[in-house]
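Data block below; observations after.
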Amino acid sequence: MKKAIVVASFGCSIKDSRERYIETIENAVKNTYKDIDCSRVFTSEIIRGKMKREENLDIDNMKSCLQKLKEEKYTHVYVSVTHVIPGYEYEKILGAVKEYKDCFEEIKTARTFLDEQLGDDEINVISSYINTDLQDDEAVILVGHGSGHDSHKYYERVEKLLKNHVKNSYVVNIEGNPSIGDIMDELKEKKYAKIYLYPLLIVSGDHALNDIGSDDEASIKSKIAANGIDVKMFFTGLGENQNAINLFIDRLNEILSV
C-alpha cells in the first residue's frame, strides 16, 4: 500500500498570499499526516499559466498530478479540497478523479468548505473568523466570489444560518446575487454607522485587494463608503483561520483510510 494526499486549491499567483493561506493549509495537512506523501494541485489554468510565465513554476492540475501518482505506483489517493463551494472548479477535480479511478485501489475526494451538509460546524468557523461583537449600528458583511453554478445557493444558505448566530450579518458576492447593490437600501434604512468587511474566500489575494477592499470607486468598500458609512476592511482569508484549517483536516479525515 502506497498512499498519497493531494491538496487541491484554486491557486494564487501572488506569492505572499500563496504562502500565507494555501501553504498554511498544505503544511497543516503535512504535519498531521507526516508519513503520507503530499502533493499540490491548482485547478485554475489561468493561475498555473501565470505562475509559469512569471515565476517559472510548474504546478500540476488534477489530471497531471494523478498521472504522476499513477506512474509512481501509488495505490491509495486522497484529495483534500480547499474550495469554498462545489462549483465548476470542484467538478474539474471530480472529473479527473473519475477518469483515473481504475488506476488506483482507492481514490476519494473530500468535501468543499460549504456544501449540502452546511450547518453549525461551518457557521462556527465563520463566527470565529469575523467580528461578532457588534453594536446595534454596526454590521458585518462577508464577500464571496459567487458563481454561475448551482452551488452558488450555498452563499444564500450560509447567510440565513449566520443570521441566527450573528446579528446584522450579510453575505454578498463579487459575481452574482446578492451584490452589494442589492442590499444597499437596507444598509441605509438600518442606519448602520460602521461596517466590517471580510472576504468569504480561502485566499485574500487579487479579489480582496481589488474587487472588495481597494480605494477604486468600483470596489465594494468604496460603494459602501460612498453612502456615508464607515467601512473597516479586513485583508484576511479563511486559509489562515485555525478553525477553518481544522475543518479542512476534518474533511480529509472523513475520507482517509488509516
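Derivation of every value follows stated rules applied to the coordinates shown; laboratory data play no part. If you're wondering where the values come from, they're calculated on a predicted model, not measured in any experiment. As a convention, Cβ positions derive from the backbone with ideal geometry for all residues, glycine included, and neighbour counts pool all protein chains shown.
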- Hey, in the GNM for the chain with a 10 angstrom Cα cutoff, which one of L238, L209, L114 fluctuates hardest? L209
- Note on the structure: At the level of C-alpha centres, the distance separating the stretch 166-242 and the stretch 123-156, in angstrom, is 10 Å
- Item | Derived scalar couplings ³J(HN,Hα) [the stretch 31-43; Karplus, 6.51 cos²θ - 1.76 cosθ + 1.60; whole Hz; x for Gly, Pro] | 6, 6, 10, 5, 8, 10, 5, 10, 10, 9, 10, 10, 8
- Message: Over all directions, how big on average is the projection of the convex hull of the alpha-carbon atoms in the chain, in square nanometres?
- Response: 13.8 nm²
- Message: On a 31 Å Cα-Cα criterion, which of the cross-link pairs K160/K191; K153/K188; K30/K221 come out too long?
- Response: K30/K221
- Estimated distance in nm for a label pair at T132 and N243, the labels positioned 7 Å out from Cα along Cα-to-Cβ: 0.5 nm
- What order do you get for Y90, Y198 when you list them from fewest to most C-beta neighbours inside 10 Å? Y90, Y198
- Message: Give me Y33, Y192 sorted ascending by neighbouring Cβ count inside 10 Å, so fewest comes first.
- Response: Y33, Y192
- Task: Would you mind estimating how fast the stretch 1-152 diffuses translationally, via Stokes-Einstein at 25 °C and 0.890 mPa s with the Kirkwood radius over Cα pairs, in µm²/s?
- Result: 144 µm²/s
- Message: What does the charge count around I36 come to, taking other residues whose C-beta lies under 12 Å from its C-beta (Lys +1, Arg +1, Asp -1, Glu -1)?
- Response: +2
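Using the 10 angstrom Cβ neighbour count as an exposure proxy, how do C12, C38, C65 rank, fewest first?
Values: C12 26, C38 18, C65 22.
By the 10 Å Cβ count, ascending, the order reads C38, C65, C12.
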